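Beneath this line is the structure, given in structure tokens, with notes to follow.
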Amino acid sequence: MPACVASNRYNIGSVIEFDPQLSPVQLSLPLYTAPVDRRVRIYRENAWPEGAPSPDVMRTRATRLLRRADAGLPATARSLSRLVVTANRIPSVTLSRPDDRVYTARVHWTIVDDPEFTALFTRALSGGGFMRTRIRELLDRASQRIGPLGIYDAAATKSSHEPRHIDLEAVYQSALTHLPQPDRGRGLKVTWGRKAIRKGGSLRLGSLRNTTGEIRLHPVLDDATIPPFVVEYVMYHEICHWVAPPLTESEARRNGEHRVHHRAFRALEALYPKAGVAQAWIDKYIDTLLRRAVA
Ligand SMILES: [Zn+2]
């Protein structure tokens, strides 16, 4: 299934749009979507905020926003032809009118399910004006509420994976030894993530939940054909997120840095002896991993 939802009125394009102007591609684990639809693109993990809900949850929220806006529109109103949920570092909402009949909208992920925004959005679509200042306030409020850690939906990511090949705890202990101060990375919980992704879905090889100190690796990594240093690198990357946590929105803006993969993070990550080789391996075999993850 392609990562988009289409009905007779709406097309939800890519779930998260990567804006190279605002989020330059940096070394990071890739978050790929398969090229099954021209609207589906390839994204880097750094375009996906650590705290953002999974793509499925995001798509549900975007669909809900469209339905609610639709329900509030008078019959004479223009339709919304495209809604793009954005994940740019600087949150924004734009509404444009490519022709007289339709609107296209770009809405930051932090605000998609905000009821007040839904009302303002519907008002704008009905020709009632775009309440710029109020929307700005909602975006600011949303950024503060989610903080650096976010609102990840735990229930959606429960794993049923039975370990076959890799001892996660051993990988974790080994990865720790590459930190300049290994103690700073101790005490984390390491588990396998949810197994299945859908065809055309995205693959996140590792994640860290800062609120609970839990690292999850994707079960596709539990395979004898994957070099051990690749698995350890993914683990190390996530440990680095714990040691060098995300910046706040304002810190990142002030320094012109990526909020999650900021300079201090990248410096720490670069200490892993085979970081470059591991990243190259992942880039080379990501399609294979994706196929296995779907199977
Ligand atoms: Zn990362």
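Dividing the convex hull volume of the alpha-carbon atoms in the range 158-294 by its residue count gives 122 Å³ per residue. For F121, F229, F130, the sequence from fewest to most other C-beta atoms within 10 Å is F130, F229, F121. If you take all other residues with their beta carbon under 9 Å from the beta carbon of H165, and give Lys and Arg +1 and Asp and Glu -1, the sum is -2. Arranged from fewest to most other beta-carbon atoms within 10 Å of their beta carbon, M131, M235 become M131, M235. Fewest-first ordering of I215, I135 by other beta carbons within 10 Å of each residue's beta carbon gives I135, I215.
Distance between the 7 Å Cα→Cβ label points at R64 and R254: 3.4 nm.
Just so you know, all these numbers are worked out from the coordinates, no wet-lab data involved. It should be emphasised that the depicted structure is a prediction, and the values quoted were computed from it without experimental measurement. Positions of Cβ are generated from backbone atoms using ideal geometry, with glycine treated the same way; all protein chains shown enter the neighbour counts.
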